[in-house]
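What follows is a set of notes on a single structure, which appears directly below.
The values are calculated or read from the model by the stated rules, or taken from the named source; none is laboratory data. All of these numbers come straight from a predicted model, not from anything done at the bench. FYI the Cβ positions are ideal-geometry reconstructions off the backbone, even for glycines, and counts take in every protein chain you see.
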Amino acid sequence: MNTQTALPAHPYFAQALLEWYPRHRRDLPWRHTRDPYAIWLSEVILQQTRVKQGLPYYLDFVTTYPTVHDLAAAPEEEVLRHWQGLGYYSRARNMHHTAQQVVREYGGQFPNNYAELLKLRGVGQYTAAAIASFAFGEKVAVLDGNVFRVLSRVFGITADIAAPASRKEFQLLANQLIPAEAPDEFNQAVMEFGAIQCTPVNPDCLFCPLQRECYAFQHGMVNQLPVKTKAKASRTRYFHYLVLRHGDTVYMRRRGPKDIWHGLYDFALTETETPELSALEVLDTLEALGGQVATNRAEEPVQALRHVLSHQKVEARFHSIWLEAPLPASVITTSGLAPYTASQTEELPKPIMIANYINNRLNKN
Ligand code: SF4
């Protein structure tokens, strides 16, 4: 079915959702504000995670950085530390840069329209539409995963929602559906409807106000829509961390660009094609750090942890190694490793896997 044949359902769609929304919406803090900064924060965080997990992060950010000026002035490492656990750390860095851009180029005031918001770093069509609509009441339709699903099912759209070309078709339809009155409420309603009624699995079709008009329901296609091609199979990477320790300190370093976790801290690392790293390879890796590194205690049992990212899995093994003496200055210079006490490691921004290792193993020893 194409969208043209479904057009007569338009007035009912907006009406049904605007009636449904006040009775079912969740009470969330970012729904009580028109502050574009707070709305932007909530949207950036919710792109990473579900509402339940994202809520404490949102509250932490608005408390720690009540204004865009506060966030802009914060050190990047501190921002990454507050973001820790959400993943996609490039989003946190973009968020920080955007805050600085808003302060520098817009005097600390977020642009008040969709077109101008799009010029901000890391602000794509979805986020720009959300801010323009929720903060400024602009009539611009938002499209997120929930909206794609609802539109696909109700209007029987079979275009692949993972294909960038499909966006145009959905956007066209969404623009036709959004009413001139209360466009912000309409956007919230569609997203919320997708989140709690027309869910990916087991949607509540029985008590759905759109049941009669819903193409998927009427044609027994609820489980087939939306069409979404599978993402590429993810690859597995094997990380071997050499957790070098001396006295009360552990050696860590800041990760560089061009790979995951840029700007976060981990340990000396060697990556291999297979899960194992022999004792000899451990010695080779120590040597490769750039100088003589003497150890005075047998390695402790290797700890293995796994972390799943969007396109890759990281299987990490932690080889705890006690040093006879502090690392020489030459090694510190070439490797970027530096000694940290237990309390200092707490303060560093880290991938969640490293944070777990430190909490569960390192700082317990
Ligand atoms: S009838 Fe089912 S599939 Fe159709 S909109 Fe309602 S909940 Fe979604």
Flagged pairs (Cβ under 7 angstrom, 6 or more apart or on separate chains; first in the stretch 129-140, modelled with pLDDT of 95 or more and surrounded by fewer than 24 Cβ atoms within 10 Å (Cβ to Cβ); second assigned to a helix (DSSP H, G or I) and of a type in the set (Val, Ile, Thr)) are 135/39
Yes or no: residue 253 away from the ligand (no atom under 11 Å from the Cβ) and among the charged types (D, E, K, R)? yes
Might you check whether a residue that is modelled with pLDDT of 95 or more and touching a Ser or Thr at 6+ places or on another chain (Cβ under 6 Å) occurs anywhere in the stretch 51-60? yes
Just give me the residues in the stretch 201-213 being surrounded by fewer than 13 Cβ atoms within 10 Å (Cβ to Cβ) and either within 11 Å of the ligand (Cβ to nearest atom) or closer than 10 Å to residue 17 by Cβ (or both), in sequence order. 202, 204, 206, 207, 212
From the option list 252, 221, 191, single residue qualifying as under 20 Å from residue 11 (Cα atoms) and either in the same structural domain as residue 356 (by TED's automatic domain parsing) or out of contact with any Ser or Thr (no Cβ under 7 Å at 6 or more places or on another chain) (or both) is 191
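With 171, 197 as the choices, which residue is within 16 Å of the ligand (Cβ to nearest atom), of a type outside the set (A, V, I, L, M) and more than 21 Å from the chain's Cα centre (by Cα)?
Working: 171 fails: within 16 Å of the ligand (Cβ to nearest atom).
Being within 16 Å of the ligand (Cβ to nearest atom), of a type outside the set (A, V, I, L, M) and more than 21 Å from the chain's Cα centre (by Cα) holds for just one of 171, 197, which is 197.
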Any idea which residue in the stretch 136-158 is farthest from residue 181 (Cα to Cα), counting only those that are of a type in the set (Gly, Ala, Ser) and more than 11 Å from the ligand (Cβ to nearest atom)? 145
Go through the stretch 177-195 residue by residue and tally those that are surrounded by fewer than 18 Cβ atoms within 10 Å (Cβ to Cβ) and at pLDDT 95 or above. 0
Which of (1) within 16 Å of the ligand (Cβ to nearest atom); (2) at pLDDT below 95 is the odd one out, the single condition residue 218 does not satisfy? (2)
Read through the list (1) within 24 Å of residue 124 (Cα to Cα); (2) out of contact with any Ser or Thr (no Cβ under 8 Å at 6 or more places or on another chain); (3) in a helix (DSSP H, G or I), then give the number of the only condition that residue 169 fails. (2)
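Name the residue, out of 20, 40, 83, that is closer than 30 Å to residue 205 by Cβ, aromatic (Phe, Trp, Tyr) and outside the structural domain of residue 308 (by TED's automatic domain parsing). It would help to see each step written out before you state the result.
Numbers: 40 fails: closer than 30 Å to residue 205 by Cβ; 83 fails: closer than 30 Å to residue 205 by Cβ.
Criteria check complete, one pass: 20.
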Scan the stretch 198-214 and give yes if some residue there is assigned to a helix (DSSP H, G or I) and touching a residue at least 60 places away in the same chain (Cβ under 8 Å), otherwise no. no
